[in-house]
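This report refers to the structure that appears directly beneath it.
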Amino acid sequence: MRNIIVLVFALGMSLQISAQSRDTIRAKVDGMGCPFCANGLEKAFRNVEGIRQFNIDLEGGTMQFLVPSETNYTPEQVVKTVDKAGYTATKVSIHRANGKIDEYKPAAAVTASAEKYKESIFPVAGNCGMCKTRIESAVNELPGIFFAFWNQETEKLHVRFDEEKITQLQIEQKVASVGHDTPNVKADKEVYEKLHGCCQYDRKGEE
Amino acid sequence: MKNQHYILLVIMSLFAFSAMAQGPPIRTDKPIMLGANKGTIRTYYQYFKHADNHYHIVPLMFEYNVKSNLELGIEIPFASVTGFDRREGMKPGDIMLKAKYQFLRKDKMGQTFRMAVKASEMFPTGRPSEVPHVGMGAFQTYVGALAGFESLKYGIVGELGYNHFSEIHPNYLESRMSFGIPLKKPVYPVNQVTLYFEYEARWMPTTDDHAVYAAQGIQFAFRSYTIDLSLQVPLVEKVPVHFTRDIAVLIGGRFIL
């Protein structure tokens with residue numbers, strides 16, 4: 001019995017370690033005008049060893065997947081694979097397991113001044129992967145967004161944006177409009193109640 | 001050139017554009033390719049009646065992207081004929097080799113515009129019957145151009161080409177048009193049902209013969225598979241007898257490797 005408990009504990013620890021040592025790769029991909037386009041894109045990444053949770057949002061034009069940290073996948077490799085698949089990656093961000101973020105900056109962004117982009121991390125209420133897709137897709141629709149990443153564990157949105165085109169308040173208003181509370185803007189009750197059951201996070205101050 | 005030729009050319013140019021919402025059209029080619037080292041296997045059964053004969057065509061098609069913008073393909077039709085010109089069993093018809101090169105790609109979020117050129121060569125490997133696919137008894141060289149815009153809401157694809165026979169038959173200009181209406185919201189993995197309305201036009205400049213065909217089809221697309229059903233009828237057929245065909249029924253499918 002003791003051996004079984006030790007085995008289960010060890011298995012759980014190894015799974016947790018395995019889950020923790022994965023990098024999250026997210027890219028904005030232009031050119032996906034049809035579902036079969038996404039099919040070709042997924043197949044292009046099939047050869048990446050250890051790839052998990054490959055997800056494509058056609059309407060948001062984004063792609064996301066997890067890879068083991070030890071592969072040390074680079075943004076340039078992502079761009080190259082997307083190009084080989086017949087599409088164009090315009091933004092790539094890799095959130096490493098150790099907290100570091102690697103980004104791909106397209107040629108157009110190189111000409112932009114680094115000071116023009118402001119980085120902000122703030123809480124956004126949510127629960128699940130669907131919330132993540134909804135939040136990030138909504139923010140990416142806005143002009144001047146360089147990248148947006150919502151961390152499901154910490155429930156914080158990491159966003160880099162052009163202050164000349166958009167403000168954090170406008171970003172929060174957009175996030176709230178799709179049903180997720182932010183520090184300065186709360187979602188309408190009607191919008192919140194229309195969220196899928198698994199997305200209805202606990203709202204502070206409400207019964 | 002007579003006025004009616006100009007009118008026909010304009011009509012064909014209009015017919016050269018097709019609106020395609022989702023999924024590959026059933027009877028029209030597309031300039032969008034699915035990436036390097038990807039391929040498609042396709043086959044279908046087509047039945048049409050011509051004169052006193054009934055033709056059953058089953059082509060096997062394989063297309064492969066050697067690069068993200070270069071596609072090579074082969075088409076081997078098998079044909080069986082019943083009726084006056086009866087033939088036993090399915091026999092190979094005229095084999096075709098083809099290539100397509102995408103030279104322009106403009107991508108934006110959720111949309112793309114692409115242009116490609118294509119060429120094909122059909123070899124007289126089938127028993128001469130003067131019926132396309134079965135055996136035309138002559139080499140056929142086709143060159144054409146495609147342009148297409150596709151977004152998540154709609155798509156437009158146009159093809160215009162010229163088919164040259166080495167002998168016997170008159171050369172012709174060909175254009176194709178298709179319009180697709182998706183019945184479901186575009187999602188990934190693929191799960192879509194699309195209605196297709198497709199048109200095909202041909203004009204033989206040397207003889208002034210021309211033909212226009214219309215097809216109604218439906219396509220079921222799931223993950224990497226499609227199942228295609230299409231019914232084509234002639235609207236105008238002022239062409240040599242051996243080019244005519246009555247109603248054509250197509251049932252087929254494709255698999256994306």
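Side notes on the structure shown:
- Chain A shape via C-alpha gyration tensor axes, a/c threshold 1.5: oblate
- For the protein assembly as shown, fraction of C-alpha pairs farther apart than 41 Å, in %: 33 percent
- Integer Hz, Karplus 6.51/-1.76/1.60 couplings in order for the range A:181-193, x for Gly and Pro: 5, 10, x, 10, 9, 9, 6, 4, 4, 4, 5, 4, 6
- Taking 7 Å steps out from each Cα toward its Cβ at B:Val236 and B:Leu97 produces label points 3.7 nm apart.
- Efficiency of FRET from Cβ geometry, A:Asn55 and A:Glu163, R₀ 30 Å, rounded to 0.05: 0.50
- Sites B:Thr82 and B:Ile227, calculated FRET efficiency, Cβ-Cβ separation with R0 30 Å, nearest 0.05: 0.70
- Annotation: amide H of A:Thr62 within the under-5 Å range of A:Val29, A:Asp57, sequence separation 5 or more or interchain, hydrogens built in the peptide plane.
- For the protein assembly as shown, a crude dipole built from +1 on the beta carbon of Lys and Arg and -1 on the beta carbon of Asp and Glu, taken about the Cα centre, is about 520 debye to the nearest 20.
- Backbone HN-Hα couplings from phi across the range A:154-169 [Karplus 6.51/-1.76/1.60, Hz, Gly and Pro as x]: 8, 6, 10, 9, 9, 9, 10, 9, 8, 5, 6, 10, 7, 10, 5, 4
- Computed over the range A:136-207, relative contact order equals 20 percent, with contacts defined as Cα pairs under 8 Å that lie 6+ residues apart.
- Using alpha carbons only: equivalent-ellipsoid semi-axes of the range B:3-256, gyration tensor based, whole Å: 28, 21, 18
- Binned Cα-Cα distances of the range A:22-111, short to long, each 10 Å bin given as a whole percent: 18, 54, 26, 2
- Note on A:Glu70/B:Phe123: beta-carbon distance plugged into 1/(1 + (r/R0)^6) with R0 of 51 Å gives a FRET efficiency of 0.45.
- For the range A:118-134, Karplus couplings with θ = phi - 60° (6.51, -1.76, 1.60), whole Hz, Gly/Pro x: 9, 10, 9, 10, 8, x, 9, 6, x, 10, 10, x, 5, 4, 4, 4, 5
- In a reduced charge model with +1 at each Lys and Arg Cβ and -1 at each Asp and Glu Cβ, the range A:22-111 shows a dipole moment near 80 debye about its Cα centre.
- Full extension of the chain segment joining A:Phe122 with A:Lys194 gains 23.5 nm, where the gain is 0.36 nm per residue of separation less the Cα-Cα distance.
- For B:Gly110, distant residues with modelled amide H under 5 Å away: A:Gly31, A:Met32
- Dipole magnitude of chain A, debye to nearest 20 (Cβ charges: Lys/Arg +1, Asp/Glu -1, about Cα centre): 480 debye
FYI, it's all coordinate maths here, none of it is from the lab. Model, not experiment: these values are computed from the prediction. Cβ sites come from the backbone with ideal geometry, for glycine too, and all protein chains shown count toward neighbours.
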